[in-house]
Amino acid sequence: MDDLEIKRKSMPHEPGVYFFINKKSSIIYVGKALNLRKRVNQYFQKTNYNDPFYEEKIKELVKNIHSIDFIVTENEKEAKILENIQIKKHQPRFNVIMRDSKTYPWVGIFFSEKYPRIRLIRGPEKYSQENLFLGPYTDKKEISRILRDLRKNFPYCSCKNKVKKKKRPCLNYQLKLCPGPCIEAVTKDEYLENIKQIELFLKGQTEELKRQIEDKMKNAAHLQDFESAAFWRDKLNAIDNSTITQSVLLENKENKDIIGYFNDEGQKYIAMVMIHIREGKISNKSSFILNIKEKLIHKDEIFPSIMEQFYQNVSHNLPDTIVVPEFYDGVGVFKEILKDFRANLKIRIPMEEEYGLLRIANKNAKIIVEQEIQMEEIKKKEEDQIKKALEEAKEIFNLPKAPRIIEGFDISNIEGTDATGSMVYFLEGHPYNKNYRHFKIRTKSTPDDVAMMKEVIKRRYTMILERNLELPDLILVDGGKGQLNAGHSVLKDLGIDGIPIIGLAKKFEEIYVPNKKNPIILPKNSQLLKIFQRVRDEAHRFAVRLHKKQRIKRVKRSILDDIKGIGPATRNKLLTKFGSVDSIKEASPEEITQVVGKKLADTILKKLNS
């Protein structure tokens, strides 16, 4: 009897969480059990599961188990909570893992600050829990649009850092999108009232928000403050307009989520759609799709597993009712877990008037899965075309093998100034950004693209040879014969002229090769030409990017940057105080000393007046 068998046969008959570990000491599966010994031993017994996909995955999992560990809990509820925590922590290969909520956007309302900002964030656990986080939202564009529209009627601060007193407000204040707490254009109470109204709207409590605003409008009218009454009336109209398209669906105005799901016959994908209903109106929709092809999960457990992970991640923002398509084993335990966060929460199957919405949710889930399968087919077709095109390149250009690695070069400058070079790296027809490189031209300050290309290629492959790195299968330069010959001569000098090199001239998309007078012209619809064009255009984009940075840096440069002891912060202090270099020249030593100290003030005046 080996150690693994001894371990599993000696496990306790207790509830808890078990861990399957492979030879590399990585946790590959986390599960929960009411009886740890019984559940773990089931994996090693010959059982007919009535699910061939699941059976196949069980065999694959068992093959990879090297050791077993476990944590005993008091009850099944604790085991379920601990399982969710451990899956999120270890991300095991065989577990179905819902995309972590921290990767979705949340609306953060920073109540820990004097003037709470509102921002879209990710990973709310990184911030103080004094703040309020609403979400997660699966559609970033939609929540961004909602916040943008809200801001027009309920202005708020969205600065990256908390509000500090300033002399001048930002552009958002001028556009009436921020009330200007940084210049104290609004009182703290007025600002907070605005934020609370936004909170009510985002929580779907529009009836309560409308009631509050209507009371203020009536009160202002009663006091004959008609300007304020009109202000509140406009806000009321804005809320009505924003919710007018949301038709009331049910007389019962409880806050609830109606959940539908779909998984394909091959059990590769599952999609889940949640329709969020607040105050009887559809307020939002969340949708998720997961690839479960290699995950160990029985078809009957797919839906409960994903749904439970979702609601345990958003336990602070639960509805009153969760409507599931059907009950399942363990739903009672899950309900008890959620009741720790919302005491009166209900989990139930649909009532008669809710079946229409359930069908909509199921239909949306089915479409998401079908779309994912179609996208996968399109990607596969594209990959096949790229592979075929690269094989074609081997034949057309007489290459020793299909060009798996292509490196593309380009130069960017204006009359020789701020000249930069770029090298982009394509792996199997796709850009591989990690290996991109920029080059600041060192040898030329006059317009000479050919000489610059020569310098960049020499620097690139000298470094490759020194470090004994992998050479490309094909080099592509942006340009015609001049650039091509420059590159080829460098390769010859370095003793690596066996690497194929071509030049792609933009005007007629002609492809030049060494030692051939006439260019090769590929058909305009050629997949190979499209790959070459993409390499050339990407190299151009990347070269221009650095060139622009260099140019902006030069334009912004000041004579102060040449003075020892002055960095960007000190330079900005001086320019903020005096306005210009000429004003600094005219200032007295005492005035400059107030900003930078006596020693540096003397150095500055000496340098500027020399």
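Accessible area per residue was computed with a 1.4 Å probe on protein heavy atoms; Thr443 scores about 100 Å².
The mean accessible area for residues of the chain, using a 1.4 Å probe and ignoring ligands and nucleic acids, is 56 Å² per residue.
For the pair Asp215 and Arg359, label points projected 7 Å from Cα toward Cβ lie 4.2 nm apart.
List the pairs from Lys38/Lys63; Lys196/Lys218; Lys88/Lys366; Lys285/Lys387 whose alpha-carbon separation is above 30 Å, in the order I gave them. Listed pairs above 30 Å: Lys285/Lys387.
Computed from the C-beta positions of Lys530 and Lys59, the FRET efficiency with R₀ = 56 Å rounds to 0.80.
Among Glu74, Glu382, Glu510, the order of accessible area from largest down is Glu74, Glu382, Glu510, computed with a 1.4 Å probe on protein heavy atoms. Using the Cβ-Cβ distance between Lys9 and Arg342 with R0 set to 41 Å, the FRET efficiency works out to roughly 0.45. Just one of (1) 24.6, 98; (2) 29.7, 123; (3) 32.8, 93 is Rg and Dmax of the Cα atoms in Å calculated from these coordinates, so which is it? Among (1) 24.6, 98; (2) 29.7, 123; (3) 32.8, 93, the one derived from this structure is (3). Taking GluC sites (Glu not before Pro) across the stretch 251-359, the ones in a DSSP loop with at most 15 further Cβ atoms lying within 10 angstrom of their Cβ are Glu251, Glu254, Glu265, Glu294, Glu326. Each of Lys564 and His430 was given a label point 7 Å from its Cα along the Cα-to-Cβ line. The distance between the two points is 5.2 nm. Computed extension gain for Thr443 through Asp139, at 0.36 nm per residue and net of the alpha carbon distance, reaches 104.4 nm.
Annotation: extensible slack from Ile183 through Lys598 equals 146.1 nm (criterion: 0.36 nm per residue apart, minus Cα-Cα distance). Note on His540: accessible area is roughly 80 Å² with a 1.4 Å probe, heavy atoms of protein only. Between Glu586 and Lys166, the FRET efficiency from the beta-carbon distance, with R0 = 35 Å, is close to 0.80.
Please report, as a whole percent, how much of the solvent-accessible surface of the chain comes from carbon and sulfur atoms (probe radius 1.4 Å). The C+S portion of the solvent-accessible surface of the chain is 49 percent.
Among bridges DSSP assigns within the chain, what percent are antiparallel (round to 5)?
80
Using a simple spin-label model with pseudo-atoms 7 Å out from Cα toward Cβ, Ile496 and Leu120 lie 4.3 nm apart. Pairs exceeding a 23 Å alpha-carbon distance, out of Lys394/Lys516; Lys401/Lys530; Lys454/Lys481; Lys293/Lys379; Lys23/Lys434; Lys9/Lys268: Lys23/Lys434; Lys9/Lys268. Only Lys, Arg, Asp and Glu carry charge here, each on its Cβ (+1 for the first two, -1 for the last two); on that basis the chain has a dipole of about 2660 debye about its Cα centre.
The values are calculated or read from the model by the stated rules, or taken from the named source; none is laboratory data. This structure is a prediction, so every number in the text was calculated from the model and none was measured. We place every Cβ from the backbone using ideal geometry, glycine too, and count neighbours over all the protein chains shown. These accessible areas exclude ligands, DNA and RNA; they are computed on the full protein's heavy atoms, side chains included. Shrake-Rupley method; radii C 1.70, N 1.55, O 1.52, S 1.80 Å.
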